[in-house]
Structure formats: structure tokens, C-alpha cells
There are 2 protein chains.
Amino acid sequence: MSDTLGVRPQPAADITDWDYEADVVIAGYGIAGVAAAIEAARAGADVLVLERTGGWGGAASLSGGFIYLGGGTPLQKALGFDDTPENMEKFMLAALGPGVDEAKIHDYCQGSVEHFNWLVAQGVPFKEEFWGEPGWEPPHDEGLMYSGGENAAPFKDIATPAPRGHLPQMQNKRIGEQGGGYMLMKPLTDTAESLGVRAEYDIRIQRLVVADDNRVVGVVAKRYGKEITVRARRGVVLATGSFAYEQRMIEGYAPRLIGRPAAAIEEHDGIGIRVAQALGAELAHMDATEVAFFGDPQMMVRGILVNGRGQRYIAEDTYPGRIGQATLIQQDNQAYLIIDEAALEEALKTETSSPFFRQPPTWAAETIEELESDMGLPAGSLQATVEVYNRHAESGADPLLGKKPEWVKPIGTPVAGFDMRNFTAGFTLGGLRTDLDSRVIHVTGEPIPGLYAAGRCTSGVCAGGYASGTSLGDGSFYGRRAGRAAANDGPASS
Amino acid sequence: MSDTLGVRPQPAADITDWDYEADVVIAGYGIAGVAAAIEAARAGADVLVLERTGGWGGAASLSGGFIYLGGGTPLQKALGFDDTPENMEKFMLAALGPGVDEAKIHDYCQGSVEHFNWLVAQGVPFKEEFWGEPGWEPPHDEGLMYSGGENAAPFKDIATPAPRGHLPQMQNKRIGEQGGGYMLMKPLTDTAESLGVRAEYDIRIQRLVVADDNRVVGVVAKRYGKEITVRARRGVVLATGSFAYEQRMIEGYAPRLIGRPAAAIEEHDGIGIRVAQALGAELAHMDATEVAFFGDPQMMVRGILVNGRGQRYIAEDTYPGRIGQATLIQQDNQAYLIIDEAALEEALKTETSSPFFRQPPTWAAETIEELESDMGLPAGSLQATVEVYNRHAESGADPLLGKKPEWVKPIGTPVAGFDMRNFTAGFTLGGLRTDLDSRVIHVTGEPIPGLYAAGRCTSGVCAGGYASGTSLGDGSFYGRRAGRAAANDGPASS
């Protein structure tokens, strides 16, 4: 067995001894892996999960825990929000493109209520409480929140706004323990264990093993430098996460993230993508990225965000991830917050104004003209922006960008400016192209026999846009599909 | 031999009869293909070019013919422009990223003068005349022009401006005959023919043929529905162009171009990329696109371009391809030109104001306020933009975007507005990752033995940005490398 193969597929004929065997072998024990494991086990398969770190969890466990669900989930209903799969689909098509996988979004919306119920049935807790303030996540253990700009311009006029960020009930959130992601992963891995799913840790996959008929029949992995062979009687599921920490892939596919990876774990080295590419797998949307923005939403909503030319460019009351994408991709990462003293004080009094975001203003001035000059903006530029904003704000309107009236107030003085250039970081959304059964698609357009994938090593429901919860959402949804399809694939278990 | 393989590599052992044989087999007879053919033949190889249409030329033949060259070419020197490889590199690094292949750009700049001399030696004519007006191309047969915004903000302050758009001398340009692209391709194909290069037409490659040791040893192609086998004793060069016309790839990789392909030919179906992907080839910058903008540069430079919010966003005197990219990617394809009557009349009098661009204004008004209202922009928005512009234009300055003083004049009345939404179209710049010898790189990071590629089926010197001439430039430059490397590869000719 040669190490020089790298990620190249290894012929099964080379392998005489298998160190491990299972019907379904899953690489990665994050959200996609655990969902696949549960469904594969329920479908009667003997399941083995290979995890490269010392424990289950992946990026999911460390995340906020949002799962993007809707179409009328029991939680939405209990909290008084109307939603339908069609309405959800309308939003997702508008907000997550261009170029989204329309079949996948349709399928995801149609199955969303069932998926919520499934999560609950596995023991994932959701508290019946809604959090309606601007921000990335609720301050306590609330279960539902807007997480994609559904209730902000332009989407509020495209689809009926409904919150779809479903959050597993957190415990001791403020001290960083058992946050939403943990409270999602814990019951799922408990369920998997109770179903007899086996897990082996400290094992990194290296390449796929392929039979003469091109079917994937196992993986070669490494544990502490030693090569290990793992036979998959029915299928292999890749659930190894994004490529946010693979420098060459970032440079080649998503260069705007150079030097700013975030919200992914260092294990996200794209290995699942690369082993499948070596088999001829098709990719999709490799440039797509989630983009976090480290500004306080409670402050942003009360001020105006301007670009490097002093111009407004986005409704400040939208999902902060949209602000991040617009800033990084469309404004060359140039952003400044202009907010008057009164609004700033109000923002800092809110419950979700986090010390994480708190910093002194970069500039403080008695007039907009003075601020403009201090910021080095061309004479008249910021003044013009504020004049136009204030002119309409007098009547609570924002015809330029459609910020909701409740947040529209003229900007007074004294006034502060916050330098928010380079406030972005993100993770990658592109990866393997998969079908609705999570089969990995070859460049021929046909599935690769025996190979499945889910989670951020695949291209999911997002392309150009993002909403919090879509990663754990499509990871768990298509992880389940992968587990079921793999369990029912291939020859009978020997 | 099975058609069900699609683009999957075919084992050489399957093939008992070869319909054609050569040392070096080149797929595609456009710029990259012909450059490869010449250099392979000069290196002593027996060369066969397979072209899917009925004749040589590819997209190159139909193009304007710009080749991006610099660093002090004889043409630059003769016309009084100073340039160095280092200065050229500085510009390309700044303008063509983020995420450019730095090694490739360095190599390309270092070799640029030699490459110009080589083109001249093959009979490509360049007239010693410079064209300095704004526009996509010269009106006559001038040989040199700015073609990437080198002399506009922000690049004019990053590197010493030098024109690098080198144009083969056209003949009868106005009637569409023997334009720059044709005058580039004709002498090159003549040279290839004189060197004994064989060409077979109406042959479409289907897949690569691979020996037991994973070496590429030929291609399977189709001619009028019949499969043809072609043996390559030394190497295969893929030179099949972009994927601008492959709908699934456009949706998956470059969705902003959905419905707007341009400046590429319908044969650009990504086949060269896909056959190599099926072998595990690495890709790069699949989202990158050239973006044409169908506005008259002579008009744009004399007015101001504003986005859907009535804000300026780009120096109007830059390379129109940068305007296209900024409009499509950063302004959601929303653009309007605001120009006063006097400036419009002046623009229409210029020699390069083409009937192609000419159209009546969408709106005409006596005041900016009236125009703003007619355009449906928020009250005060366009007025503020024009006020700030005019305030500085009085002294010939444009501190917001750095348009050069010669083009900065206050906007008077009466004034016209041109709706330039959806004025964009483009072709793709992403593709196979290749090294400096044009070897196709596998996802392991190693070259695939026997496989070379150049032109727009590869990722070349561009990533996020573009300059006219970089496609024919890196296509010809790395086409030559591919031909030389392939000719010197593999076992001795039998």
C-alpha cells in the first residue's frame, strides 16, 4: 500500500486485510456524520464512524447551533408565525443565490417540518420562545429567531417574513458551555450510540478504495501515522466539513477568505472534497462563502453603514451575515458605522450588546462635516449621505435601502464613526455536487457508486447567499439522506 | 469501446487500433492550440491537432485580437512607453486578483518581451501606432492601447502606467474581415502548417486514454458520430476553450453569467476541463469571469456612472471591462449613465463612438431633480451624488474615485440618463490548474503525466480581475510551454 497515492483512489485488489469493516462507513462525526449514522443504523446497517479528532462534535458542536427550518414547524406555529414550504422556498431562492440548486431547495423546504420533528424525536430540545431583536443569536435559551434577513429589505417584500433559525435550547450559554451546537450534537450522538453506531477516533481518511467496477468499497485512513484500511460493504459517506483551512484551495477557489477563516475548525482541510475529486467528482460553488461581520447588530441597526466612499449600501437591520457578504464581496471590505451619541447609548443598553463587540469609536465629532474630514472622506460625501438619509428619516422612511421604520431616525450630533474595515471572516460553502439522495455526482453527471456526502464538504442549499442555520440544516437533512441511501445500497451485508 | 464512459478516462488496454497517431496530440485549434503546435513541431515532435469545427481559429479568430504584453516590448519602446517586467507584474498582481497565481504572473511578465518577439517572428504584424482614447479597441489598425485600466485609478498610482494591449494589425476592420484575432491566428496557423503540423477537423474529443501507470497516452474522439482513437506518444495538450456555453457548469460555478455568455464561441462547452476532472485534475477560480459592458466608453468617461441607488462606484475613465465586472458583481448589474447634453454631443462626435453603442437616452430632463424623479430614485439621492461630483469637478478633481482631471467637468443641464442595467455579458476565466510548464495538476498537487493544457480551459493569469489581452496572452504563452513540454515528454518516438 503506497503512501505516494496521496488522495488518489486505491484499487481494492491491493488490499488483503481490512482493519475495520462495516456496512456504512462515515468519515467525520459532526452534524452530517451523526445524522447519517442514525439513519443508516435505523435502516439496519452496521455503521462505523471515523473521526479525526479525539471526540465527536466537529464544527457543529462549537457553533451557535442554528438549524434553518420552516414551512410551518410546530415551533413556528406555537410562537404564532405562519409559514409554508412554498413561502420558505420563495425566500431561499431569492436570498441564497444566484445559482442555487433549485431541486435541493425545493426538496429541503418540502421536508423541513418532518426534519424538525425528527430532530425533536432524537431528543434535540427547542424552547418555545421567540427572540426578535437584531443580532446573531439570542442572549438566552430562546428557540426561534430571524437568521437570514427574512424580515428585512428586500426579502420582506418577496416572501412573507417568518423566522426560521431554530435553536436547540442552550444551557449556561454565557460561560460557553453547552451552547446550541452542543445541545444539538449531544442528543444526536447519544441516539447514534444507542443504535449501536461504532465510532473510532484519531483516524484521518487519506483516500477512497475502489473496486474494479469503480464502486467505492472503503477508505484508507491513518491513525497516529499508521495506515488503516476500512471496508464499507454498502457505502462510504463523506462528512468531513469545509475547506476553510486548506490554504491552496482557499487561494484557488475562495481567495477573498485568504487570512480570514472563521466559524470553522482547523480540521476543515477539504479532504473529503479532494478524495472525491480524485475519483472525478463534480464540484459546485467553490467561491461561495459565509461571511461573519464583527460589528454589533444593535449598534448597526441604529446607525448607518457606509462604504469606503461614504455611501450607504445595505439595510442595516438585515441579517448581519448579509452585511458581511455585502461588505467583503461588494465593498472591498470597507465599512464604517456612523451613529449619533444618543443612538449609541441606546444600543449599549440593550441586552444583546455584547462586550465582544464593544470598543470605543474610532472618531467622535461635533458635526458630520468634522467627522467626514476626520475620516478622510472627500468633502461633502458623507454629508450628502447623511442629509439624504435624514431627509427621509424625518418621516420614518428609508427609500434608498428599505430599513424598517422602527429603526429609522435622523442622525444627530455629536456623532461617532467606527472603522469596520476588515471586520469580516468566513467559511466556505462550496464543495461536492450531490443529488437529493446525497450521492456524489461524477463529472459525467452520474452518481459515483457507493459514495455519499453531506455537510460542508458538499455544495448545499446556498450559493451566493447565506442564512444562519443552513449549514447545520442541510448537513443534518442530507446527512440523513446519505445514511439511508448508503444503508440501502450495494450488495447484501456479508 | 463503450460510449457509457462519457468523459471518464479509457484504459489504453481497451484500444487495439489507433485511428491516428502523433507524438503530440492537441485538442482545439485556437490560440493555445496553435501556439502549442508550433513549439511542439519546432522541438521535433510529430504534431496532430484535433479541431471540432470545420476550420482553425477558435474564439481567438473572432476576437479583437488583444495580446497582453509588456515589460518593455519593442512596440512599447518604439511608441515611447517605459515598462519593465517588475512594473508589469506590480500592475497584474493588483488588477487581476485577489487570489492570482503569483508564480504564473511573475513568469509571464519575465517572458513577455520574448513572447512578443516570438509572435513577430511567426509573422504576426503589429503597427507602430498608439491609440489613446477611451474604448474597447482602436478604430483603425493601431497596434498598442491601454486595455486594463493601467492609466486609471487606482492602478495609475500603484504601478507606472504603460499600455500593454498589443494588437495585430487589422485589415478592413470596419467590415468585420481580418480583424485583430484573425490577423493573429492566420500567420500562426500558416507557421504551424509550414512546420508540418497536421490538423483534422470535425473531431470532438470525448475522453482521455490512460495507460496502466496513469499516464495519458491518447484521446477518444468523435467524428460525425463515429468514435475515433488517437494515440499520443508523448503528450496530449488540451486547448478547448472555456465553459461559457455549458449550462450546468455555468450554474454551478459562475452563476452570474447565467443568460449572458459573450465573446466566446458556442463550442466552449468545457469539455477539456471535464475530461481532465475525470482524471482527478485540480481546478481554480471557476467563478472568475471577464465581463463586457455594452456602454460607449466615450460617453461613460464624459458622464458619471451610478448604481441602483444613484451612487457613483467606479472611475468612469477606466478599462470598460472593469466597469463590467464592478457592475455585475458589485452592483447587482444596476448601472445608469448620467451625462449632460454638451458632453453627450461631444462624445458622439468622437471617432470611436460606435453605432453599436448608440441609442437614445432613456430619460432627458431639464434638471437633476427632474431626472432623479423620472428615474424613480429616492428624492435627493442623485442630486447629492451630482452635487458632490460637481463641487470637486469645478477644480478638476475627483477625490471620490480618482477619475483623471482631463475627464472631470461639472455636470450641467439639460441632462440625460441612460439605463444600463443588464448591459453586461461575459466569458469564464476559471479552469484547470496548470504549472509553468502547462502540466495539468492533479488534486494531489502533482502533475498528471502526459497531460498539458493552456488557454481558457485553464486558470491563467487572471482570478478576480481581467484585462483585455490576458486570454490570448496566457493562451499563447502557456500554449507554447505546453507544446514544448509535451514534445520533450514521454518515451522516445517510435
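We did not get these values from a lab; they are worked out from the coordinates using the rules stated. Keep in mind it's a predicted model, so treat the numbers as computed, not measured. We place every Cβ from the backbone using ideal geometry, glycine too, and count neighbours over all the protein chains shown.
Observations
- Prolate/oblate/rounded label for region A:89-205 (Cα gyration tensor, a/c 1.5): oblate
- Order of B:ASP23, A:ASP212 under a 10 Å beta carbon neighbour criterion, fewest first: A:ASP212, B:ASP23
- Cα centroid separation, region B:298-351 to region A:357-397 (Å): 27
- Cα-based reach from B:LYS349 at 23 Å (exclusive), listing lysines while leaving out same-chain residues under 8 positions away: B:LYS173, B:LYS403, B:LYS404, B:LYS409
- Degrees between helix B:180-194 axis and first principal axis of chain B (Cα, 0 to 90, nearest 10): 20
- Inter-copy label distances at A:LEU79 (7 Å, Cα→Cβ; nm, one decimal): 6.3
- Taking other residues whose beta carbon is less than 9 angstrom from the beta carbon of A:GLN311, and scoring Lys, Arg as +1 and Asp, Glu as -1, yields +4.
- Region B:163-292: C-alpha gyration tensor shape, a/c 1.5 cut-off, then a/b vs b/c: oblate
- Residue order for B:ILE411, B:ILE271, A:ILE329, B:ILE38, fewest other beta carbons within 10 angstrom first, comes to A:ILE329, B:ILE411, B:ILE271, B:ILE38.
- Placing a label point 7 Å from Cα along the Cα-to-Cβ direction at B:THR4 gives distances to the equivalent points in the other copies of 3.4 nm, listed shortest first.
- With at most 14 other Cβ atoms within 10 Å, longest stretch of chain B clear of loop GluC sites (Glu not before Pro) (DSSP): B:1-127
- Charge dipole of the protein assembly as shown (Cα centre as origin; +1 on each Lys and Arg Cβ, -1 on each Asp and Glu Cβ, all else neutral): 1840 debye, rounded to the nearest 20.
- Test item: A:245-256 mean partner chain Cβ contacts at 10 Å: 5
- Global geometry of region B:254-340, whether rounded, prolate or oblate, following the gyration tensor of its Cα atoms and the 1.5 cut on a/c: prolate
- Each other residue within a Cβ distance under 13 Å of A:GLY55 adds +1 if Lys or Arg and -1 if Asp or Glu, for a net charge of -3.
- Label point of A:GLU366 (7 Å along Cα→beta-carbon): distances to the other copies' equivalent points are 4.3 nm, sorted ascending.
- Mean-position separation - Cα centroids, region A:1-47 and region B:212-285, in angstrom: 32
- With the gyration tensor restricted to C-alpha atoms of the protein assembly as shown, the semi-axes of the equivalent ellipsoid amount to 44, 44, 20 Å, longest first.
- Sorted largest first, the spans of the alpha carbon positions of region A:296-422 along the three principal axes are 35, 32, 26 Å.
- Put a plus charge on the Cβ of each Lys and Arg, a minus charge on the Cβ of each Asp and Glu, and nothing anywhere else: the dipole of chain B about its Cα centre is then about 920 debye.
- The C-alpha atoms of chain A define a longest principal axis, and helix A:381-393 lies at about 90 degrees to it.
- Given chain A, longest segment not containing exposed loop chymotrypsin sites (Phe, Trp or Tyr not before Pro) (DSSP; at most 13 other Cβ within 10 Å): A:1-223
- The residues neighbouring A:GLN383, those whose beta-carbon lies less than 11 Å from its own, together hold a net charge of -4 under the Lys/Arg +1, Asp/Glu -1 convention.
- Across the options A:PRO320, A:GLY417, A:PRO405, the greatest Cα extent toward the positive end of the charge dipole of region A:296-422 (unit charges at beta carbon of Lys, Arg, Asp, Glu) belongs to A:PRO320.
- Cut-off under 5 Å, modelled amide H: who pairs with A:ALA397 long-range: none
- Per the Cα gyration tensor, region B:18-68 maps to an equivalent ellipsoid with semi-axes of 22, 14, 6 Å, ordered largest to smallest.
- Between the Cα long axis of helix B:85-95 and the first principal axis of chain B there is an angle of about 70°, rounded to the nearest 10.
- Cα-derived Rg over Rh, computed across chain B with Rh taken as Kirkwood radius: 1.02
- Beta bridges per DSSP with both ends in chain B, % antiparallel, nearest 5: 65
- Partner chain coverage, peptide A:372-378 - average Cβ within 10 angstrom: 2
- Inter-part distance where region A:430-494 and region A:98-141 are each reduced to a Cα centre, Å: 19
- Antiparallel DSSP beta bridges within the protein assembly as shown, as percent of all bridges there, nearest 5: 65
- Value of [θ]222 nm, deg cm²/dmol, for the protein assembly as shown, DSSP H segments ≥ 4, -39500 (n - 2.57) each, nearest 500: -8000 deg cm²/dmol
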